[in-house]
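Engineer: Structure provided below as structure tokens; questions to follow.
Derivation of every value follows stated rules applied to the coordinates shown; laboratory data play no part. Keep in mind that this is a model prediction, so the values were computed, not measured. Neighbour counts run over all protein chains shown; Cβ positions are idealised from the backbone, glycine included.
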Amino acid sequence: MSRIGVFICHCGENIGATVDCERVARACAGIPGVVHSVDYKYMCSDPGQNMIKDAIRDHNLTGVVVGACSPRMHEPTFRRACEEAGLNPFLCEMANIREHCSWVHEKSEVTTEKAIDLVRVIVEKVRRNKPLFPIKVPVTKTALVLGGGIAGIQAALDIANAGHKVIMVERSPSIGGHMSQLSETFPTLDCSQCILTPRMVEVARHPNITLHTYSEIESLDGFIGNFKVKIRKKARSVDEKLCTGCGLCTQKCPTKKIPSEFDAGLGMRSAIYVPFPQAVPNKPVIDRLHCTFFLKGKCRLCEKVCPTQAIRFDQEDTIVEADIGAVVLATGFDIKHADFFPEYGYGAYKDVIDGLQFERLASASGPTLGEIRRPSDGRKPETVVFIACAGSRDPAKGIEYCSKICCMYTAKHAMLYRHKVHGGKAYIFYMDIRAGGKMYEEFVRRAIEEDGVRYVRGRVSRVYEREGKLIVQGADTLLGAQPVEIEADMVVLATAAVANDGAEELAQKMHVSYDAYKFFAEAHPKLKPVETNTAGIFLAGACQAPKDIPESVAQASGAAAKVSALFSQDELTREPVIAVVNRCAPPLYSTCVGCFLCQAACPYQAIEKEEIRARDGNLIKTVAKVNPGLCQGCGTCVAVCRTKAIDLQGFSNEQVFAEVMALLNRSEANAGI
Amino acid sequence: MPEFEPRIVAFVCNWCTYAGADLTGTSRIKYSPNVEVIRFPCTGRIDFMLLLKAFAEGADGIIVSGCHPNDCHYTSGNFHARRRWILFRGLLDFMGIDVRRVQFSWVSAAEGAKWADVVNTTVEAVRKLGPYDNYRQIARSGGV
Amino acid sequence: MKLGFYPGCSLEGSAREYAESVIAVAGEAGVDLEQVPDWNCCGATAAHNMNRNLSLALPARILAKAEAAGMKEIVVPCAACYNRLSVTRHELLENESLRREISATIEYDLRCDAEILNVLQMLDRHVMPAIGDKIRVPFARRVACYYGCLLVRPHKILKFDRLEDPQSMDAIIRKIGGDPLDWAFKTECCGAGLSVSATPLVGKLSGRILDDASIRGAEAVIVACPMCHSNLDMRRPHCDKAMKKHYTMPVLYITQAIGLALGIDPKTLGLHRHMVPVKFEKHPADAASARPAPPDAVKEV
Amino acid sequence: MEELRKRAGNLLESGQVRVVIGYGEGTGKRVRAVFIQDAGQADCLIFDERCRQNLALYLTRHEVKKLGKPAIVASLPALRAILQLAGECQIAENDIVVLGIGEDGSMLDLPDFAAIEKHVASTVREPDPAEKAQFDLVLAMSLEERWKYWQEQLSRCFKCYACRQACPMCYCSRCTVECNQPQWIPVPSHDLGNLEWHVMRAMHLAGRCVDCGDCSRACPLDIPLYLLNRFLIMDIESRFNQRAGTTAALDYALSTFHPDDKDDFIR
């Protein structure tokens, strides 16, 4: 027989003014199984909590119902109080007689009746509550950081410096990401390489970090604290241990006219190449799609010149497996290229370039050594038009969001151009200037006021080439949508920042969700910005949404803090509100028939197959099993299960069924159980 | 004879509609007291049999409410629920059960006012329909 | 083969030569164009700004007449008519209750199963395949294909060609031996309906089109819309005035260009009806080049 | 029929299967399911228009499973059931030999599930005209009339569960009606218990029913149960474009969803 205590809170006047709390307590005292029922001014106060604790001891309670505010408010408070008094916290539930009753109804008999109903329902639930115990999951204290851009680097270093092992996987031959391509960074105009390269080197040298470049994720299985990852190390065709990075091979390689990815197609590289001089690791790769030997079967020049015999034409992809406890996704973003814009010539005009290309032109290590020159003829452009929101905020282009970084980098570009080409004219067509951020607005004002960048508020309808000039047609909406036509030498499109190619497949491999634009989805837009819906997988940087460097770094440190917190314990404790598949005596073993319809419905891939075997090893039956590490407790499987073989702890079939029964059986409230 | 007061049972998810109803309270928006809420983690958890049970136990109307599509705390529980309700509601209608008495809605944690509106309109609609005599009659056959 | 044919007002009036050349060229391909019986105004001018129901009911009635006559494809050479008919068909197909409402208004239960073809689609589908071996006088001209606004927009509904840089007319020109230019004003505004109310503005807009074509060495501008034609041809003095230049290049309907290549009598094609005489002049920059001289037959028009 | 017997005999003789599930002559003019374990008895097998029972039902029965690897005589409804059972992990491709029978009574060569899928895809499912007429009749009724109709029909039910026993998809080792903690479905066959049982049965078969109609034929009181199943089959197909028994990979309407699933009743 249950021994339930009911505690009705007045919440000062909040409940007491509308609901006759004394009467509620009296009525509840009459419910069979309730051995103690009281009301008090403030249940959540210390004296209130002590009342509960004392009652648990004095009356030997087996369940506690607090009729007060929303469980979303004070459930943890009261459960903790119960635990302190030696009662399993999951035997305590709250009836919401404030938000759902006293605050939304007038003072009346009916309102008090309703409060009694609400408490009675919870009494019936608690009667069927079972003691639950937090789930302990062991934690492998190694983190996987996916992506070697600034976000990945920051996350890896923070985790490694906290004393945990990190495996970093980067798909290109070097870490550094987009930041390594940038010339100077807003709003301070400090050189991107200068602040980034020391970090890159630190990653390579850190004893806690294992770096896999030119590698991709093959698969990820398991759950928080206990993932298994398979990493495909693509064949570099170079023995990394022997290679000294002398660079002789890249100098001698006869195939030199391959557009360089690092220089955004404005510079050239050889078939065996190091993406850029400061690359980490400074070891070349052979691009097998362009290498003469791989295409035609002869050449092998690099092999001949290599002083350490490090070239390996027959190298194959290898798979590395590792156990890890947490993942940080920092795979970054991409930008739309000029060929996405029919109105600007589908990329046909060489002097219509995107923002990353301008970064390379402005970079001291770029193809023009930092001089601003037109890609078509190498002349210094006298007039440059910058077009902000190229693609972004444009539903017709399918990109409705703001790419966030363009306002600032476009101001920076115009400023850099004005610094480098004296007397050059810089125009920026913009929709709005979004310069929210520390020193950002000041930076834009500087571009306008000190560097004479001309801002035109309006959109560019068309760019076309005529007699060696790019004619930019737009409108100036501040002058009453007056048409504007500018003869430019170069046009720079601040193209939309978009998710990486393959983001969708990666998300599916990692079991994380993504939004309509293929950016990875955070678990909560405000309160869980670095978590994903999959426990143990975190987000950092622009793979979640377009971000600038400080934001990416901040989020990376946030993700690293989350990982470090996870790794601070040997075991992980989780709420036991999870689904379980029942077990019963032979010959049934479980009422589960193994149809696995629940498996398809589970949003977390938490349902596994478990084989029940006899002592001799013969398979008796295969049934579903819920992985307690993965289950988040939504209960979708429970509603799908025909045989009621799966149940949800804390919201069991028995509990919710009793709630429905109790709710409507006002007259039979005293009928007993 | 006093006016008929319908009894409405609401099955709601914890993360959106329950929180939305909390907000109705915090905002002190008044609504009809004829509704009583049963909390579930997710609409995906709500067994269709519970709706029948509510009718059998004397409910005149039912509200089922959860997170808007794409807002589910568990990513997709509400999508599964929606399919279940589409089919279940059709079947009930086909069997002559009055689906006007079952209101489905998406109420987010920010839609306190919408919750009050959903409750009030459902109560009024069911009040017009009167007590669910058909179902009560067969429920009595079961001795309920 | 028989196709439905909706001429609309222009092709009966200021653009008679368009109708003449369409019919002539189609005839060469063995395509018989049968007018939609008892057709009415498409509502292109003002209806869609004034009264939505009327703007749908007018084209719907045309569709109904065509449907009732058993037409499966309707050729609509005027770009404005093409646009109105296509948009109406799209809206009615998307919205069942609207379809029922409009059906009630026109007292005909529309199925919307007849396909609407613009002139380029008709040429591409039914004419070009049939006249491959009939090109007698290759139309060896460097031309600017001008599509205007209505042929490709709104792209979401028409789903015809590339939005900013359409290619279908260029492809047809190539097939008859011509040399289509890559230029910038393919879909820019010619001034369209402002032809009467704001003629100087039309002069400026159309003038810019002519200017770009002329700078790039076009011998003619090819169009597929009566409104484009009248603005570029009839409003030529205004263009000259706006641009402070004198442009002499003729403006031809695509069907006229094909007609010339097929050796059809220029009079049958209505070339004499143009305001700007149809005479081809080489761009000075090209005059010296060794391009084959165009056949005399055409020059004398 | 000769070919069927020969193939069944060969399968048993070669030891490829232990039992052949097929049809044999019963008492009177009726046919019954037979379970042939000896090649010599293969001649008992028959197949004619009387052989309508969906034998796939036996594939999941404990008593049959313990006989060893089966071969099964399967016409179209059974083939659909086999695919659906495969999707629900109840049978594996290598653990069964399918003796498929075509629409014209000829033997089909169905070496694997892919072949069954292909065959099923090539057939059209036309509802029986009489059933269709009854269905349309109910659809055309008013709400009150439908309620009365079903109350009248279901009032006859005395919960013999023949419908459940006849259904190839009702293979659960413990049916919900047998759950008593909580007691989801009242045990007695009163109005409420009958309604709840049949709603539950229809919902549990929603997206899984392979449309063989055996439940209706099994009902000793001629309750038109197929109407409920038919309603859901049509609803699922028109709304979600899914149909049970078309693929051996699970494609269950209630454990899948589309973010754009259309409803017109959720506020």
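Engineer: What is the set of long-range amide H partners of residue A:386 at a cut-off below 5 Å, with H atoms built 1.01 Å from backbone N?
Structural biologist: Under 5 Å from the amide H of residue A:386: A:427, A:428, A:429, A:492.
Engineer: Sticking with this one: Which one of C:143, C:31, C:22 has the biggest mean-square fluctuation once chain C is modelled by GNM with Cα springs under 10 Å?
Structural biologist: Evaluated over chain C, the most mobile residue of the options is C:31.
Engineer: For segment A:1-71 and segment A:109-163, write down the distance between their C-alpha centroids in whole Å.
Structural biologist: For segment A:1-71 versus segment A:109-163, the Cα centre distance is 27 Å.
Engineer: Once you charge only the Cβ atoms, +1 for Lys and Arg and -1 for Asp and Glu, what is the size of the charge dipole of segment A:1-79 about its Cα centre, to the nearest 20 debye?
Structural biologist: 220 debye
Engineer: Relative contact order for segment A:506-564 using alpha-carbon pairs under 8 Å, separation at least 6, rounded to a whole percent?
Structural biologist: 24 percent
Engineer: For an R0 of 60 angstrom, estimate the FRET efficiency from the Cβ-Cβ distance between residue D:156 and residue A:50 and round to the nearest 0.05.
Structural biologist: 0.45
Engineer: Evaluate the distance, in nm, between pseudo-label points positioned 7 Å from the Cα of residue A:571 and of residue A:246 along their respective Cα→Cβ axes.
Structural biologist: Label-label distance for residue A:571 and residue A:246, simple model: 5.7 nm.
Engineer: Can you give the local net charge around residue B:130? Use residues other than it whose beta-carbon is closer than 15 angstrom to its beta-carbon, Lys and Arg +1, Asp and Glu -1.
Structural biologist: -1
Engineer: At a Förster distance of 51 Å, what's the computed FRET efficiency of residue D:29 paired with residue B:124, Cβ-Cβ distance as r, to 0.05?
Structural biologist: 0.25
Engineer: Using the Karplus equation 6.51 cos²θ - 1.76 cosθ + 1.60 (θ = phi - 60°), what ³J(HN,Hα) coupling, rounded to whole Hz, does each residue of segment A:162-171 give in order, writing x for Gly and Pro?
Structural biologist: Values, residue by residue: 7, x, 10, 6, 9, 10, 9, 10, 10, 7 Hz.
Engineer: In nanometres, what is the gap between the two model label sites at residue C:163 and residue B:28, each 7 Å from Cα along Cα-to-Cβ?
Structural biologist: Going from the residue C:163 label point to the residue B:28 one covers 5.1 nm.
Engineer: Long-range amide H contacts for residue A:37: which residues qualify at under 5 Å (H placed 1.01 Å from N, peptide plane, sequence gap of 5 or more or a different chain)?
Structural biologist: Answer set, sorted by chain and number: A:6.
Engineer: Taking 24 Å as the cut-off for C-alpha to C-alpha distance, list the pairs among A:125/B:53; C:244/C:267; A:397/C:204; A:625/B:53; A:165/A:233 that go past it.
Structural biologist: Going by Cα-Cα distance, C:244/C:267; A:397/C:204; A:625/B:53 fall outside the 24 Å limit.
Engineer: Residue-wise, which Karplus ³J(HN,Hα) couplings in Hz belong to segment C:170-181, taking 6.51 cos²θ - 1.76 cosθ + 1.60, θ = phi - 60°, and x for glycine or proline?
Structural biologist: 4, 5, 5, 4, 4, 5, 9, x, x, 10, x, 7
Engineer: Roughly what % antiparallel, to the nearest 5, for the DSSP beta bridges in chain A?
Structural biologist: Percentage antiparallel, nearest 5: 55.
Engineer: Give the value in nm², to one decimal: projected area of the alpha carbon convex hull of segment D:197-267, averaged over all directions.
Structural biologist: For the Cα atoms of segment D:197-267, the hull's average projected area reads 5.9 nm².
Engineer: Long-range amide H contacts for residue D:101: which residues qualify at under 5 Å (H placed 1.01 Å from N, peptide plane, sequence gap of 5 or more or a different chain)?
Structural biologist: Answer set, sorted by chain and number: D:74, D:75, D:108.
Engineer: Restricting to DSSP loop positions (anything but H, G, I, E, B) with no more than 14 other Cβ atoms inside 10 Å of their own Cβ, which GluC sites (Glu not before Pro) remain in segment A:295-362?
Structural biologist: Taking segment A:295-362 and a limit of 14 other Cβ atoms within 10 Å, the loop GluC sites (Glu not before Pro) found are A:316.
Engineer: Tally Lys and Arg at +1 and Asp and Glu at -1 over the other residues with C-beta under 10 Å from the C-beta of residue A:140: what net charge comes out?
Structural biologist: Computed value for this residue: +2.
Engineer: How are the alpha carbon pair distances in the protein assembly as shown distributed across 10 Å bins from zero to the largest one, expressed in percent?
Structural biologist: Binned Cα distances yield the sequence 1, 7, 11, 14, 15, 16, 16, 11, 6, 2, 0, 0.
Engineer: Related question: Please state the relative contact order of chain C as a whole percent: Cα pairs under 8 Å, 6+ residues apart?
Structural biologist: It rounds to 19 percent for chain C.
Engineer: OK, next. Can you compute 3J(HN,Hα) from phi for each residue in segment A:259-273, using the Karplus curve 6.51 cos²θ - 1.76 cosθ + 1.60 with θ = phi - 60°, rounded to whole Hz and x for Gly and Pro?
Structural biologist: x, 7, 5, 5, 8, 6, x, 8, x, 10, 9, 8, 6, 9, 8
Engineer: Could you work out the relative contact order of segment B:19-86? I mean the mean sequence separation of Cα pairs under 8 Å and 6+ apart, divided by the number of residues, in percent.
Structural biologist: 34 percent
Engineer: Moving on to the next point. Label-point separation (nm) for residue D:49 and residue C:104, each offset 7 Å from Cα along Cα-to-Cβ?
Structural biologist: 5.0 nm
Engineer: Do any cysteines of chain D lack a neighbour Cys whose Cβ is under 4.7 Å away, and which are they?
Structural biologist: Cysteines of chain D left without a disulfide-compatible partner: D:44, D:51, D:89, D:157, D:160, D:172, D:175, D:179, D:209, D:212, D:219.
Engineer: Okay, moving on. Provide the gained length on full extension for the span residue A:346 to residue A:195, in nm with one decimal, where the gain is 0.36 nm per separating residue minus the Cα-Cα distance.
Structural biologist: Here the answer is 50.8 nm.
Engineer: On to the next question. Report Rg/Rh for segment C:1-91, rounded to two decimals, where Rg is the Cα radius of gyration and Rh the Kirkwood radius.
Structural biologist: Here the Rg-to-Rh quotient is 0.98.
Engineer: To the nearest µm²/s, what D does Stokes-Einstein give for chain A at 4 °C and 1.567 mPa s, using the Kirkwood radius over alpha carbon pairs as Rh?
Structural biologist: 44 µm²/s
Engineer: If you bin every alpha carbon distance in chain D into 5 Å steps from zero, what whole percent lands in each bin?
Structural biologist: 1, 5, 11, 15, 17, 16, 13, 9, 6, 3, 1, 0, 0, 0
Engineer: Roughly how many whole Å is it from the C-alpha centroid of segment A:190-265 to that of segment C:143-211?
Structural biologist: 50 Å
Engineer: Report the Cα-based extents of segment A:42-190 along its three principal axes, largest first, to the nearest Å.
Structural biologist: The Cα atoms of segment A:42-190 stretch 73, 39, 27 Å along the principal axes, largest first.
Engineer: Based on the Cβ-Cβ distance from residue A:83 to residue A:22, what FRET efficiency comes out when R0 is 30 Å, to the nearest 0.05?
Structural biologist: After rounding, the FRET efficiency stands at 0.60.
Engineer: Quick check on segment D:1-135: of the DSSP beta bridges with both residues there, what percent are antiparallel, nearest 5%?
Structural biologist: Approximately 55 percent, going by the DSSP bridge assignments.
Engineer: Also, I was wondering about something else. Report for the protein assembly as shown the percent antiparallel among DSSP-assigned beta bridges with both residues inside it, nearest 5.
Structural biologist: Within the protein assembly as shown, antiparallel bridges account for around 40 percent of the total.
Engineer: Still on this structure: Determine the distance separating the Cα centre of segment B:61-116 from the Cα centre of segment D:28-80; give it in Å without decimals.
Structural biologist: 44 Å
Engineer: Tell me which trypsin sites (Lys or Arg not before Pro) from segment A:592-646 have a DSSP coil assignment and no more than 16 other beta carbons within 10 Å of their own.
Structural biologist: Of the trypsin sites (Lys or Arg not before Pro), the ones in loops of segment A:592-646 whose Cβ has at most 16 other Cβ atoms within 10 Å are A:615.
Engineer: Using the alpha carbons of segment A:161-292, what is the convex hull volume per residue in cubic angstrom, as a whole number?
Structural biologist: Spread over its residues, the Cα hull of segment A:161-292 gives 147 Å³ apiece.
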